[in-house]
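Written out below as structure tokens is the structure these notes cover.
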Amino acid sequence: MRETSKEVPLQNFDGKVAFVTGGASGVGLGQAKVLAEEYGAKVVIADILPNRIDEAAAYFRSPDRKDLPVRILQLDITDRSAFANAADEVESAFGPVQLLFNTAGVSARVPAEKATYDDWDWHLQVNLFGAINGVQTFLPRMIELGEGGHIINTGSIQSFFALPTTALYSTSKFAIRGLTEALRVDLAKYDIGVSGIIPGAVHTNSLDTALARPEKFKNTTFSGHDGETALRKILASGMDPVDLARITMQGVLRNDLWIFPYPQFIEQVEERHRLVMNELMKWQDSVETVDTIR
Ligand SMILES: NC(=O)c1ccc[n+]([C@@H]2O[C@H](COP(=O)([O-])OP(=O)(O)OC[C@H]3O[C@@H](n4cnc5c(N)ncnc54)[C@H](O)[C@@H]3O)[C@@H](O)[C@H]2O)c1
């Protein structure tokens, strides 16, 4: 079954307000640029890191962009009351948010056996609860507005299979997959579409962001990435965030479930699904056994 392109809640983004978490860098900044410059959306960039915010502000202050409707605010998406305040501020300045891009995320490769609670909390609080906080903040407002909308969550290829030393990240990104599918089922009746972006490598600042950990999650053994040079090479050869954002907007306008423009992973994902099916198929002639156990 190809779960894609059902109803299309939003026909265009012109004049719509988009809220992009992690919008001052990488994937999120690419989305902000494309939304504002190519789709006529009003864009709110919400990010935690002051240096990234300054860089994004400088970009949008340039003479040819300074009239674009872009607001940049500092927000820690793990702070629920700050999130609600940001939503109020944005609504009064720009109008109601109809596009929520839950894009902010962090990834520090800490092997599970060395992970602290702060390691777990940081990844889950930003990557999963950051998205949940976005949904909790904006979904009731979208429903009340009654004009449809779209929620776009950022997963990862690691929403589909785990790589070594990625328990923290994979746990959060598998959960994003569940959140996305479940919301999609429930929100169609409100004309709110839900899509998940599944990037492989993207050329972003994520390795540096992993070193800019907030004080409240500071207890960790992590001091740098194993194989950093190789990881930097992989990211540097990854997709340009603006290209990914262009593909993303097309996917959102089609209301695709997964926006997954990395055909190089076809075999690996197929293999992963085969493995799951094999486990399930083992039981196909065992209805009696299952009934007996029950
Ligand atoms: N770069 C890749 O190869 C890749 C691959 C798959 C998925 N992703 C996903 O893409 C998303 C964006 O990552 P990126 O690669 O652009 O990295 P990035 O570090 O360039 O951008 C992430 C942004 O999120 C912000 N952020 C972090 N914690 C925050 C918080 N608590 N509140 C608000 N903002 C916060 C950071 O300041 C940063 O500006 C993440 O969800 C990541 O998991 C990236």
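A few comments on the model shown:
- Single match in Ala41, Ala24 (criterion: surrounded by 15 or more Cβ atoms within 10 Å (Cβ to Cβ), among the small types (Gly, Ala, Ser) and more than 14 Å from the ligand (Cβ to nearest atom)): Ala41
- Residue count, region 141-163 (criterion: over 18 Å from Ile45 (Cα atoms), more than 15 Å from the ligand (Cβ to nearest atom) and buried (at least 21 other Cβ atoms within 10 Å of the Cβ)): 1
- Residue match in region 236-247 (condition: closer than 26 Å to Gly23 by Cα, away from the ligand (no atom under 15 Å from the Cβ), touching a residue at least 24 places away in the same chain (Cβ under 8 Å) and not aliphatic (A, V, I, L, M)): yes
- Close pairs from region 150-161: first at pLDDT below 95, partner away from the ligand (no atom under 11 Å from the Cβ), Cβ under 6 Å, at least 6 apart: Phe161/Arg272
- Residue check, Phe138 modelled with pLDDT of 95 or more, under 13 Å from Thr21 (Cβ atoms), in contact with a Gly (Cβ under 9 Å, 6 or more places away or on another chain) and surrounded by fewer than 23 Cβ atoms within 10 Å (Cβ to Cβ): no
- Residue among Arg65, Arg71 that is more than 14 Å from the ligand (Cβ to nearest atom) and assigned to a strand (DSSP E or B): Arg71
- Among residues of region 98-138, those that are under 30 Å from Val8 (Cβ atoms), in contact with a Lys or Arg (Cβ under 7 Å, 6 or more places away or on another chain) and more than 10 Å from the ligand (Cβ to nearest atom), counted: 2
- Yes/no for Glu215 being over 30 Å from Ala182 (Cα atoms) and at pLDDT below 95: no
- Filtered by the rule that a residue be more than 16 Å from the ligand (Cβ to nearest atom) and closer than 26 Å to Gln264 by Cβ, region 165-190 gives Glu181, Arg184.
- Scanning region 72-99 for residues that are under 20 Å from the mean Cα position of the chain (by Cα) and of a type in the set (S, T, N, Q) returns Gln74, Thr78, Gln98.
- Within region 191-216, if we keep just the residues that are surrounded by fewer than 17 Cβ atoms within 10 Å (Cβ to Cβ) and more than 9 Å from the ligand (Cβ to nearest atom), the residue that is farthest from Arg52 (Cα to Cα) turns out to be Lys216.
The values are calculated or read from the model by the stated rules, or taken from the named source; none is laboratory data. In this text the structure is predicted, and so the values were computed from the model without any measurement. When we count neighbours, we look across all protein chains shown, and the Cβ atoms used for this are built from the backbone with ideal geometry, even at glycine.
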